[in-house]
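> Would you mind keeping the following structure in view while I ask a few things?
The values are calculated or read from the model by the stated rules, or taken from the named source; none is laboratory data. None of the values given here were measured: they were computed from a predicted structure. Neighbour counts are summed over all protein chains in view; Cβ atoms, including those assigned to glycine, are modelled from backbone coordinates with ideal geometry.
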Amino acid sequence: MSNLLKYDVIYILDPNATAEEALAVSTKIEQIVADAKGSVLKKDDWGKRRLAYMVQKHREGHYVFFHLSITPTTIAEVTRNLRLIEKVIKFSVVKDTISHLKAKVKPPRVKTSTESSSSRPGYSRPTNPSHSHGPSSAPAAAPAAAAAPVAVPAPAAATETQSPNSPS
């Protein structure tokens, strides 16, 4: 019992399998675990569900989930038996590596005096145009000249009367 690891085992049975056949498969898995001094932490019968794709010419399957605490050699025996049972059309064994870890809670962020109260945190606009980022071949223009609006002539008003030479 020194190096018991946790595993998630999910297998899919043939949808035409009887309740006795489904019970026989789960009993076989539980017996293997019990013989190896492991434990079944959780067993869920998810029932018949539609498969994402066809598996051995089946569109549906009967799902069963186990959460086990056993040794690596025992999981090899469980895998071997799942391969040999004809009613099991697909199975997956995954080592549970995160169930024992606690969630890391981040402390709330406290605003410091160095942070600005602008609408965009972490952004500050350069105040001096001579400190621009990147090469510049032309000398810097005066800021007032660049901001001056350019006068645009208004478009000529369209007349409603037509000239005598234009065809109607």
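> Output yes when any residue across the stretch 16-38 is of a type in the set (G, A, S), closer than 23 Å to I75 by Cβ and either touching a helix residue (DSSP H, G or I) at 6+ places or on another chain (Cβ under 6 Å) or modelled with pLDDT under 90 (or both), and no when none is.
Going through the stretch 16-38, the residues of a type in the set (G, A, S) turn out to be 17, 19, 22, 24, 26, 34, 36, 38.
Now drop any that are not closer than 23 Å to I75 by Cβ, which leaves 22, 24, 26, 34, 36, 38.
This time we only want the ones that are either touching a helix residue (DSSP H, G or I) at 6+ places or on another chain (Cβ under 6 Å) or modelled with pLDDT under 90 (or both), so: 36, 38.
Checked the stretch 16-38: at least one residue is of a type in the set (G, A, S), closer than 23 Å to I75 by Cβ and either touching a helix residue (DSSP H, G or I) at 6+ places or on another chain (Cβ under 6 Å) or modelled with pLDDT under 90 (or both).
> I would also like to ask the following. Of the residues Y63, Y53, only one is among the hydroxyl-bearing types (S, T, Y), in contact with a strand residue (DSSP E or B) (Cβ under 7 Å, 6 or more places away or on another chain) and either part of a strand (DSSP E or B) or within 30 Å of D35 (Cβ to Cβ) (or both); which?
Details: Y53 fails: in contact with a strand residue (DSSP E or B) (Cβ under 7 Å, 6 or more places away or on another chain).
It is Y63.
> Is it true that some residue in the stretch 32-40 is aliphatic (A, V, I, L, M), under 25 Å from the mean Cα position of the chain (by Cα) and either surrounded by 15 or more Cβ atoms within 10 Å (Cβ to Cβ) or over 23 Å from I98 (Cβ atoms) (or both)? Working first, answer last.
Filtering the stretch 32-40 for residues aliphatic (A, V, I, L, M) gives 32-34, 36, 40.
Retained after the next criterion (residues that are under 25 Å from the mean Cα position of the chain (by Cα)): none.
The answer is no; no qualifying residue exists.
> Also: Here are some conditions: (1) on the phi > 0 side of the Ramachandran plot; (2) touching a residue at least 24 places away in the same chain (Cβ under 8 Å); (3) in a strand (DSSP E or B). K37 meets all but one. Which one does it not meet?
(3)
> Out of everything in the stretch 43-88 that is farther than 15 Å from E21 by Cβ and of a type in the set (S, T, N, Q), what residue ends up being surrounded by the most Cβ atoms within 10 Å (Cβ to Cβ)?
In this case the residue turns out to be T74.
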